[in-house]
Amino acid sequence: MARAPSPAAVLLSVHAVVFDTDGVITDSAPAHAAAWKKAFDECLASHEGQAPFDEEEEYRRHVDGRARKDGAAAFLTSRGLGLPEGGPDDPPGTGTVWSVAARKDEVFTENLRDHPVEVWPGTVRLLHVLNDAGVPCAAASASRHATELLAGAGLLELFRTVVDGNEAHRLALPGKPDPALFTEAARRLGVPAGDTAVLEDALAGVEAARRGGFGLVVGVDRTDTPQGASDLRRHGADLVVSDPGDLLITGED
């Protein structure tokens, strides 16, 4: 007789789990990357000799996991473009870092209306098992859309708390690779970082969890490539899985 799935031993070594959202719970990374490409390419078109934004490699290296303004700044700096920073009230456009970030959010929000984001089934299975086992879970994301996406997917009830980009702004938390987002999530769960696991797919997020002294850092490599896994380990992952569902074990009686 088949036994119900249970967390693998490595997860049983901690007392709480913090999940990144984009790419770990929701299959939203491609939508974010596409929105960044549109915003960046509009900006790059006004600068001679600039190639279009690479929504795979450059997204992963400079943007994934970071707060919107930080991601815009990191990419533009990597291209040697010294745009003025501007301010958070700048309208969507190409003249300042903040305006490029605002343009990205405008495109992403428009796309959400027509293309709802899917969730990763393996992660959902793991969340239900952890919830049934009484393991407190939190979601932490630099995205201001994270709570909205989790609610739309019917998953909010599986989390004791959510620290999203809106909360990060309200609390003035620095963005990844600073660990503040994850540290705040663990604080709300009432579990020390050393007794908490973080599941993260972004290099900046993995680095943040390592800097924060979390007891277990699980890198989620959706590319399922040796290079992707190597990069995650190099940034601080204790282990790498292609899907969080891999952290479940099943057996036969």
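Read-outs: derived from the displayed coordinates by stated rules, not from any lab. Quick caveat: nothing in here was measured; it's all calculated off a predicted structure. Counting neighbours? That spans all protein chains shown, and the Cβs are built from the backbone with ideal geometry, glycine included.
May I ask you to order 19-29, 238-248, 109-119 by the average number of other C-beta atoms within 10 Å around their residues, highest value first? Let's see the in-between values first.
Working: 19-29: 25.1, 238-248: 18.5, 109-119: 13.2.
So the peptides 19-29, 238-248, 109-119, ranked by packing, come out 19-29, 238-248, 109-119.
Given +1 on the Cβ of Lys and Arg, -1 on the Cβ of Asp and Glu, and no further charges, what dipole in debye does segment 30-114 carry about its Cα centre, rounded to the nearest 20?
My answer is approximately 140 debye.
I'm checking a number: the convex hull volume of the Cα atoms of the chain, normalised per residue, in Å³. What is it?
123
Sort 184-194, 210-220 for me by packing, meaning the mean count of neighbouring Cβ atoms within 10 Å per residue, highest on top. Numbers along the way, then the final one.
Working: 184-194: 19.1, 210-220: 21.9.
Highest mean packing first, the order is 210-220, 184-194.
List every DSSP H helix in the chain whose Cα atoms extend 18 Å or more along the helix's own long axis and whose mean Kyte-Doolittle hydropathy is at least -1.0.
29-44, 97-114
Once you place label points 7 Å from the Cα toward the Cβ at Asp27 and Asn131, how far apart are they in nm?
Placing both labels 7 Å along Cα→Cβ, they lie 2.0 nm apart.
Give me Lys38, Lys176, Lys69 ranked fewest to most by other Cβ atoms within 10 Å of their Cβ, as a rough exposure proxy.
Numbers: Lys38 18, Lys176 30, Lys69 21.
In order of increasing Cβ crowding within 10 Å: Lys38, Lys69, Lys176.
For the chain, give the magnitude of the charge dipole about the Cα centre (Cβ charges: +1 Lys/Arg, -1 Asp/Glu; no others), in debye to the nearest 20.
Using only the charged Cβ atoms, the result is roughly 620 debye.
Put a dot 7 Å past each Cα toward the Cβ at Asp54 and His15; how far apart are the dots in nm?
Rounded to a tenth, the inter-label distance reads 4.4 nm.
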